[in-house]
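Notes to accompany the following structure.
The values are calculated or read from the model by the stated rules, or taken from the named source; none is laboratory data. Computed from a predicted structure; not experimentally measured. Cβ coordinates were reconstructed from backbone atoms using ideal geometry, including for glycine residues, and neighbour counts include every protein chain displayed. Surface areas here come from the heavy atoms of the whole protein model, side chains and all, with no ligands, DNA or RNA. Shrake-Rupley method; radii C 1.70, N 1.55, O 1.52, S 1.80 Å.
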Amino acid sequence: MIEEQKPKTLGIYIHIPFCVRKCLYCDFLSAPAQAGQMERYTAALVREIEEESTNYKDRRVVSVFLGGGTPSLLPAESITRILDMVHACFHVEEACEISMEVNPGTATLERLTAFRKGGGNRLSIGLQSAVDSELKALGRIHTRQDFFDTYELAVKLGFNNINIDLMSAIPGQTLESCANSLKSVTSLQPPPAHISSYSLIIEEGTPFYENTPDLPDEDCEREMYKNTGDFLLNCGYQQYEISNYALPGYQCLHNERYWMREDYVGFGIGAASLIDNVRFSNTKNIECYCNYYLQEKRGSKAERAPVEGIASASIKEAEQKLSVQEQMEEFMFLGLRMMQGVSCQAFARMFGASIDYMYPGIVDDFCKKGLLERQKEPETGEERIKLTRRGIDVSNVVMAQFLFT
Amino acid sequence: MANMDQSKIRNFCIVAHIDHGKSTLADRIIEKTGLLTSREMQAQVLDNMELERERGITIKAQTVRTIYKAKDGEEYILNLIDTPGHVDFNYEVSRSLAACDGAILVVDAAQGIEAQTLANVYLALDHNLEVFPVINKIDLPSAEPDRVKNEIEDVIGIEAQDAPLISAKNGIGIDEVLEAVVHKIPAPGGSPDNPLKALIFDSLYDSYKGVIVFCRVMEGRVAKGTSIQMMATGATADVVEVGYFGAGQFIPCEELSAGMVGYITASIKNVKDTAVGDTITDAKNPCAEPLPGYKKVNSMVYCGVYPADGAKYPDLRDALEKLQLNDASLRYEPETSIALGFGFRCGFLGLLHLEIIQERLEREYNLDLVTTAPGVIYKVHKTGGDVIELTNPTNLPDPSEIEYMEEPIVSAEIMVTTEFIGSIMELCQERRGRYLGMEYMEETRALLKYELPLNEIIYDFFDALKSRSRGYASFDYELKGYEQSELVKLDILINKEEVDALSFIVHKDSAYERGRKMCEKLKDEIPRHLFEIPIQAAIGGKVIARETVKAMRKDVLAKCYGGDITRKKKLLEKQKEGKKRMRQIGSVEIPQKAFMSVLKLDDK
């Protein structure tokens, strides 16, 4: 149970946009890695962390996540500078989960060591597939062997909370090769604590969108999904979210904040924040971002001059104060991503009305169609609503019904 | 202006086959006569509907008044009425012609006479207009003005040797056209001292001025304060304002007198009071006889028009009422559909007209519409001797009550270059056409004459004609009459439920093919649902074709990134928005465009 305690908690997301090369399916915000550019960006980033931290003096930081892009491309000293700044400016909990995304082939001993020394205790390795031909089809820069090397190194350095990212519905992937990738991963010693398994989605603006390769069909993809769940369950992993599986006690705390709508602040370009029911994000323009934070004059925020290309005197954009209805919508469609579903009591406590009152008939209708189910915990009496197996497959249909517009 | 010499007025229009440069010539005339500087000119001034500019066609007749200083030193008032070229809009053309005394016939110097050149010129001659030709696009490399001149004389039989050779696009020869207007077109007759007699040739609804009536004054005069009466409807009103047409604007003036073209606004309460074709007279001093008006147009094509959102039904009714004022050829009456709720059965002059009306309703009145498959009027002879005119397939009586049915047949004239005769004949054959004959216009071009069932040409005949002749064939038709035919009603069942709005009537020989294609098409149009959906075509309860929309396997967005949930929400919103544009039939959601899908069963 998450009870609101004093002082409030906070998650921190830090975006590192650099990549050696953009993968063919990727539509995330990234930029080519150039030495000078990475240092400049780091300098701007630590400036932002320092300045923004004044808004969060009363918060206990319980998760930090360095995502990308490819954070493991950053020079070791940059990683150190960033984490040191976080520790210096925020009240970071002892048990804080500090994760970094790494790519095989870029995670050097030096960089991982710097991360470890900076308090890093969790790694998320982007493997995608343990089949070299599939890695090639995705435009990944590493091989299966690179991954094993990285994993071995991470274990040697003492990381015991490691996530492996896998992908399904890769061009050329078969049910068998998908199962093999899973086997390769779960038979590692020690086995990874966490596995994310996403299906490839062709996003607009990616090379795959322009030039779509032959993909496994929908039925095959769903079978991969089902096999993945069954296999991982057998290996002792619990599915706690549509695409995430963990050994008991190793759920990703940072990701859970997103689904449970707990406050987080994002640093770096394009980074999104949710603070006290206000959502906002930073500019996606790396030049504007760096220019803004690296101005000569190092005064208070108020004295900072606006930067060309940005309308306001800030690099924060798209600020949206969530209405109560929007909060309800998010509560439902984000909460339903988790296998435990949403708590009826929590909804009622938060909004002063029951789910069935706000969404008359919708839950019952989906229960009848076998897409949702209600569950009552006998001890606490807490009632939860969650997706069924079939409900997961068509979860967008279900979630869309919880929008008011 | 009130005392303008009637002999210095010229009321004329321009007629042409589509794309022969009618609207461009109109623009040049306006520019030349100084109404607008060329800087102010927007291409095709008279096509002021957004839709007209986009499609490059004229839909509505437009009127403009300009002053021309002729070579004889006199100033003339030119009232130019631009008319549509498409066969669907013959009615608009004929209304405009009644307000004119003469017409310029524009013929493309490369293409020569086309099917609608003939149709329009005969229409003008029927109205006793003085017609003179001009040859346009003479600057094209393929221009053959002499050949075209001879063709005009041979085929139409009007003098063409001294026809102005022009390029409307490049402003060549426009002066010559203006001089010809002054000298060849007669000044209007009538006397300002006779009792008022004015022909309503158009009208529109303006949210500030109310109903604006466009008229040609034949006799007498009308000014602010005149008490007028519509002779057919009997409605009376006091004139608030009279005026004439500037380019894209109304310019008030003191009075309109015999020979003049202009507009009247009055305290007209009901839009129905101003029927196009009616005669306006002075209530206190009425004329003896009304003008002949126009022959009433008959709708050729019918379809159901429904608001996408059932609550917008009153808005749709208002919009149709106002649109009818602006387009008298539109017919509509209320109907209900089990699938679509309350709506209207609307009658149109043709498929293009239908499309245009649909688009105008959506754009100008901001409505979201669902339209059903278009059909024609069938005559159903019942066993008891009654005859029903059937416009909605759903109303077809039980087969046991039907003695026989008749369908409308048109006489079609297709002008085509000789190399495509074979493929065009094949097309007509496929559409159940009856070959009547062929005339060679000259060595390389022929006029094919066919009788075709109207329901075979309302869908995609025009497109097929163009594609099988690489765009060279032109086409015109008129209703010939009704013939007995073996027709059946094809029903569509979705998830075992008959969807009334998808039923259509078809010749029994084409029923199987149409049914099969319809099912295939609907299979593509209907998105996957959580369950499997059978789609069936049936005649009288007997299923003749079936397709299945498989159940949705997957609709899940796995990736959510860096806490940026806005994208995910947008996706869900889009999904929900998409649902709104669907029609719920039983437990199946059908996209609105599926109801038009019968239109796109095109053979390749």
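Worth pointing out:
- Comparison of A:Pro248, A:Pro207 shows that the only residue that is open to solvent by 60 Å² or more (accessible area, probe 1.4 Å) and touching a residue at least 60 places away in the same chain (Cβ under 8 Å) is A:Pro207.
- Residues that are among the aliphatic types (A, V, I, L, M) and more than 14 Å from chain B (Cβ to nearest Cβ) were ranked within the range A:210-236; the one that is surrounded by the most Cβ atoms within 10 Å (Cβ to Cβ) is A:Leu232.
- Across the range B:460-467, not a single residue is classified as open to solvent by 20 Å² or more (accessible area, probe 1.4 Å) and more than 28 Å from the chain's Cα centre (by Cα).
- Taking the range B:232-254 as the range and being acidic (Asp, Glu) and surrounded by 20 or more Cβ atoms within 10 Å (Cβ to Cβ) as the test, no residue passes.
- Residues satisfying the stated conditions in the range B:198-214, i.e. under 13 Å from B:Val261 (Cβ atoms) and over 21 Å from the mean Cα position of the chain (by Cα): B:Ala198, B:Leu199
- In the range B:367-387, the residue that is most open to solvent (accessible area, probe 1.4 Å) out of those that are touching a residue at least 40 places away in the same chain (Cβ under 8 Å) and part of a strand (DSSP E or B) is B:Lys379.
- In the range B:195-231, the residues that are open to solvent by less than 40 Å² (accessible area, probe 1.4 Å), more than 25 Å from B:Leu78 (Cβ to Cβ) and in a loop (DSSP other than H, G, I, E, B): B:Thr226
- Considering residues of the range A:262-282 that are surrounded by fewer than 18 Cβ atoms within 10 Å (Cβ to Cβ) and not hydrophobic (A, V, I, L, M, F, W, C) only, the residue nearest to A:Ala44 (Cα to Cα): A:Asp263
- Matching residues, the range B:395-427, being farther than 17 Å from B:Glu456 by Cβ, touching a residue at least 40 places away in the same chain (Cβ under 8 Å) and out of contact with any strand residue (DSSP E or B) (no Cβ under 7 Å at 6 or more places or on another chain): B:Pro399, B:Phe420
- Selection status of A:Met350, away from chain B (no Cβ under 14 Å) and either at pLDDT 95 or above or within 19 Å of A:Ile275 (Cα to Cα) (or both): yes
- In the range B:540-589, the residues that are closer than 30 Å to B:Ile505 by Cβ and open to solvent by less than 50 Å² (accessible area, probe 1.4 Å): B:Ile544, B:Ala545, B:Glu547, B:Thr548, B:Val549, B:Met582, B:Arg583, B:Ile585, B:Gly586, B:Val588, B:Glu589
- Residue in the range B:69-88 that is touching a Leu at 6+ places or on another chain (Cβ under 6 Å), modelled with pLDDT under 70 and part of a loop (DSSP other than H, G, I, E, B) present: yes
- Of the residues making up the range A:131-184, those that are among the acidic types (Asp, Glu) and part of a helix (DSSP H, G or I) are A:Asp132, A:Glu134, A:Asp146, A:Asp149, A:Glu152, A:Glu176.
Here's the yes/no breakdown for (1) surrounded by 19 or more Cβ atoms within 10 Å (Cβ to Cβ); (2) away from chain B (no Cβ under 14 Å); (3) free of Cβ contacts under 8 Å to residues at least 12 places away in the same chain:
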site	(1), (2), (3)
A:Tyr13	yes, no, no
A:Gly36	no, yes, yes
A:Arg40	no, yes, no
A:Pro71	yes, no, no
A:Ile79	yes, yes, no
A:Phe90	yes, yes, no
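- Qualifying positions in the range B:418-449 - of a type in the set (Gly, Ala, Ser) and open to solvent by 40 Å² or more (accessible area, probe 1.4 Å): B:Gly422
- Whichever residue in the range B:480-499 is assigned to a strand (DSSP E or B) and open to solvent by 50 Å² or more (accessible area, probe 1.4 Å) and, among such residues, is farthest from B:Glu413 (Cα to Cα): B:Glu497
- Top-ranked residue of the range A:378-405 - restricted to ones that are more than 14 Å from every other protein chain (Cβ to nearest Cβ) and within 29 Å of the chain's Cα centre (by Cα), ranked as least open to solvent (accessible area, probe 1.4 Å): A:Ile385
- Filter result for the condition that a residue is within 21 Å of A:Asn282 (Cβ to Cβ), aromatic (Phe, Trp, Tyr) and at pLDDT 95 or above, over A:Phe18, A:Phe65, A:Phe115: A:Phe65
- Search result, residues across the range A:353-366 that are open to solvent by 20 Å² or more (accessible area, probe 1.4 Å), closer than 20 Å to A:Leu334 by Cβ and within 14 Å of chain B (Cβ to nearest Cβ): A:Ile362
- Among the residues of the range B:232-252, those that are hydrophobic (A, V, I, L, M, F, W, C) and within 23 Å of B:Glu31 (Cβ to Cβ) comprise B:Phe245, B:Ala247, B:Phe250, B:Ile251.
- Pairs, first at positive phi in the range B:224-237, second hydrophobic (A, V, I, L, M, F, W, C) and open to solvent by less than 50 Å² (accessible area, probe 1.4 Å), C-beta under 7 Å, six or more apart: B:Gly225/B:Val239
- The range A:314-342 - residue that is open to solvent by 10 Å² or more (accessible area, probe 1.4 Å) and part of a loop (DSSP other than H, G, I, E, B) and, of those, farthest from A:Arg390 (Cα to Cα): A:Ser314
- Applying the condition of being assigned to a loop (DSSP other than H, G, I, E, B) and over 19 Å from A:Lys57 (Cα atoms) to the range A:272-293 and asking which residue is farthest from the other protein chains (Cβ to nearest Cβ) yields A:Asn285.
- Positions within the range B:454-501 being in contact with a Ser or Thr (Cβ under 9 Å, 6 or more places away or on another chain) and among the aromatic types (Phe, Trp, Tyr), in sequence order: B:Tyr472, B:Tyr477
- For A:Glu241, the stated conditions hold: it is open to solvent by less than 30 Å² (accessible area, probe 1.4 Å), within 24 Å of A:Cys26 (Cα to Cα), within 12 Å of chain B (Cβ to nearest Cβ) and touching a residue at least 60 places away in the same chain (Cβ under 8 Å).
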